[in-house]
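Every read-out reported here was derived from the displayed coordinates using simple, explicitly stated rules and does not represent laboratory data. Computed from a predicted model, the values in this text were never measured in an experiment. No Cβ is skipped: glycine too gets one built from the backbone with ideal geometry, and neighbour counts run over all protein chains shown.
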Amino acid sequence: NPSNCNDARRLVCHVKHLCGFGCMSHHIALCLSIAIGTKRTLMLKLDNFKYSRNEGWEALFLPLSETCDVSSLNLTNVAEWKGKGDLELTKNDTVAKITINTAINPNSKFAANTLPRDLMEDVKKFHAYPALWYIGQIMKYILRSKPEISKQLSQKLNSTKIYPLVGIQVRRTDKLVKEAKLVALEKYMLHVKEWYDKYKLENIGVNADTKFVKSVYVATDDDTLLDEAKKMYPDYNFINDKSITAAASVKERYSVDGLLGILTDVHILTHCDYVVCTFSSNVCRLVYELMQTLHIDATTRVHSLDKSYYFIGQWMHQHIAIYNYTKTEISVPGSQERKKNEKYLKLYRSALTLYLNSIDTKEISLKAGDHIGVDNRVEWGVTTWRGTNLRTWKTGIYPSYIAREYTEESPYDLLGNTFL
């Protein structure tokens, strides 16, 4: 909030991309991450905010800046922001803009999936994925709701507040057209059951007679899902606001009421003890990010049924190997075995050839300290990951237990004014 906006370094986040609330939030977060890193005041221009064309983002949220207004700025001759690695190529321009027509990759360490270097050592002490913690703080700032909206959200949360509480977010309408595959309710409930089994073991005891309510908050755009869940799982207490589900329908979604419904779902899911969803959904990733602001480390509080966590526009997603790992070698049976079963050998060799030639199942070897570029497009991430060893440039799969998330340092200090 500079006292004189005309003299301040500014970054205009010009979003032309037509997309939903979760997608829009991530576009703004990418811009804010770059603005913070380059010491610029962020101003927002949304061409296609379908929820409220008159009030825009400020229909429900506080302005990102109280002193700088983009409406008085002529963007025609404003330079397009450019970065490369740890450099800002437009640092001499007082005003720059980021134009987002669709998903972008700024190829910059000022973008998401990095952490200001002066925070790294402290955040690593309490969080397994520092970059996720940082983007959570950015999201929390962006989504500061107006006082009257905050009051409504608190009332909704208090009326739903039953602990323990597991949340599921199930998208079944437009999400299935291009972005994701249908995931059956049974797959969600498998992980809900596992969480409640663990909860009982840790908090009540395996042989205890104490009963507790297994409650599940259901966030969905499918008005038939609640009845389906109650019929299939009668021993669970399913909680759902039908007005929010109705507002999430394709017909009603893009309105202020629709936006408030989505925001309510996000708010309640964020306060759940555990959430099962799909990271192909922007809303699921948003919940995961905001959870980091409520707990010391919430990296294990969300389970994704499809993709690993990612941020569109992020700096390279990397793992770092913490153990040595030698890929599994398959040996061909010896001469005695070949004589016993030639038919078996033929089938075995066919399977071996498929195994070794498949990019999805071929393993790679790693040494402790190796960096791995993670393939977010492939639906691994439970017991196995897929990526490229950046030392050997071999691509394949590796067990999840031998690597952890790696956060790249941003080229600036957040609490000071030092730049590389």
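Points worth noting:
- Point-to-point label distance, THR76-ARG144, nm (Cα→Cβ direction, 7 Å offset): 3.5 nm
- Contact order normalised by residue count of the range 9-111, Cα under 8 Å, 6+ apart, percent: 39 percent
- Gain in span if fully extended, HIS295 to ASP257, counting 0.36 nm per residue against the direct Cα distance: 10.8 nm
- Interchain or long-range residues, amide H under 5 Å from SER410's placed H: LEU115, ARG117
- Among the trypsin sites (Lys or Arg not before Pro) within the range 87-140, those in coil by DSSP and having at most 11 neighbouring Cβ atoms inside 10 Å are LYS125.
- For the range 27-43, backbone phi angles converted through the Karplus equation (6.51, -1.76, 1.60; θ = phi - 60°) give residue-by-residue couplings of 4, 5, 5, 4, 4, 5, 4, 5, 4, 4, x, 9, 6, 10, 7, 8, 10 Hz, Gly and Pro being listed as x.
- Summing charges over all other residues whose Cβ lies under 10 Å from the Cβ of LYS39, with Lys and Arg as +1 and Asp and Glu as -1, gives +2.
- Subset of LYS124/LYS307; LYS16/LYS50; LYS50/LYS146; LYS156/LYS242; LYS45/LYS97 violating a 21 Å alpha-carbon distance limit: LYS124/LYS307
- Phi-based couplings in Hz for the range 122-130 (Karplus 6.51, -1.76, 1.60; Gly and Pro marked x): 6, 5, 4, 6, 10, 9, 6, 9, x
- Annotation: extensible slack from TYR401 through ASN105 equals 103.6 nm (criterion: 0.36 nm per residue apart, minus Cα-Cα distance).
- Label separation (ASP47 vs LEU226): 3.9 nm, computed from points 7 Å beyond Cα along the C-beta direction.
- Whole-Hz couplings from phi, Karplus 6.51/-1.76/1.60, listed for the range 234-240; x for Gly and Pro: x, 8, 10, 9, 8, 10, 7
- Cα gyration tensor shape for the range 1-160, rounded if a/c is under 1.5, else prolate or oblate: oblate
- Each of PHE311, PHE212, PHE21 was scored by other Cβ atoms within 10 Å of its Cβ. Listed from fewest to most, they are PHE212, PHE311, PHE21.
- The range 9-111 - share of DSSP beta bridges that are antiparallel (%, nearest 5): 10 percent
- Site pair ASN6 and LYS151 shows an inter-label distance of 3.9 nm when each label is modelled 7 Å from Cα along Cα→Cβ.
- 5 angstrom amide H check on TRP81, placed H, neighbours 5+ away: LYS97, ILE98, THR99
- Sequence of TRP315, TRP195 once ranked by neighbouring C-beta atoms within 10 Å, starting from the fewest: TRP195, TRP315
- Sorted by Cβ density within 10 Å, fewest first, the residues MET232, MET120: MET232, MET120
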